[in-house]
Structures are given as structure tokens and as C-alpha cells.
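Engineer: Take this structure first; my questions come after.
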Amino acid sequence: MAETLEFELVAPTELVLSEAVNMVVVPGGEGDFGVLPGHTPLVSTVRPGVINVYDEQGKVTKSIFVEGGFAEVTETRCTVLAEKAMPVEKLTRDVAEKRLQEANDALMKTDDEGEKTGARRELAAAQAMVDAAGG
């Protein structure tokens, strides 16, 4: 079995990260899941949250906030296609809390079910951003 696996994180406008890693933990649609070399193949949705990349000592080397997407895992590779992605260290609590307030306001102002669905999705992403920013 390989010592590392290839991890790629792709956003619509850029390749965010592409490197060999020891482990990655992804915020899956059904819960967080860790990927090690030799993992059983799977495809999963990705919910808003933080992807953590680990080194051989089990230390987190990178934390990246994603706003959802899809993940594909094979025995040798984990690829995440994210709607948006940014390093956690670039998040600020003030910006995240403002986004959360705006999402709450948008949800409260609409009676349209389609708009409510979009507002709930934005609210979930904003809350995950606040959590990632240390909130």
C-alpha cells in the first residue's frame, strides 16, 4: 500500500491544491470522512466546512474552507470539486458574521419556497464560515 495519496482540490476558477498527502478529512454530506492511502472508492457530496490535510505525524498542515461540492475517492487519489475554496487563515470573523446576518435577513424576508431554499443554503454556508473563522 502507498504511503501517500494524491489530493486535488479544484474550485471553478483555479486548482487550489494538488499534492501528495498522508491523510485528508473532508466534510461530507453525511458527515466528515477521512481518506488514507488504500481507501475504498466512493463518491460523496461535500457540505460547507473545512478540509484538513495531515502530514505523516498526524499534524494538520493545511485547513481549507469549502462551500460545498463533490468528492471522488479512489485507492490512490482524493479529488474535491468545490463551489468555492479559501484557506482558513484568510477568513475573518467579522466578514463571516456579516454574511451570516445577511443570510438570516434574506431568509426572514422571503415567502417564496425557491428563494427560501437558496437562503437556507446560504445560511448553512455562512454558519460554516463563522465556525471555521473561530466562531
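The values are calculated or read from the model by the stated rules, or taken from the named source; none is laboratory data. From a predicted model like this one, the values you see are computed outputs, not experimental measurements. Positions of Cβ are generated from backbone atoms using ideal geometry, with glycine treated the same way; all protein chains shown enter the neighbour counts.
Engineer: So, in the range 1-13, exactly how many residues are in contact with a Gly (Cβ under 9 Å, 6 or more places away or on another chain) and loosely packed, with under 15 Cβ neighbours inside 10 Å?
Structural biologist: Within the range 1-13, residues that are in contact with a Gly (Cβ under 9 Å, 6 or more places away or on another chain) and loosely packed, with under 15 Cβ neighbours inside 10 Å number 2.
Engineer: Next up: Regarding Val66, is this residue assigned by TED's automatic domain parsing to the domain that holds Gly29 and in contact (Cβ under 8 Å) with a residue 60 or more places away in the chain?
Structural biologist: When the stated conditions are applied, Val66 does not pass them.
Engineer: Looking for whichever is buried (at least 18 other Cβ atoms within 10 Å of the Cβ) and in contact with a Phe, Trp or Tyr (Cβ under 7 Å, 6 or more places away or on another chain) here; the options are Val26, Val16. Which one fits?
Structural biologist: Working: Val16 fails: in contact with a Phe, Trp or Tyr (Cβ under 7 Å, 6 or more places away or on another chain).
Going through Val26, Val16 in turn, the sole match is Val26.
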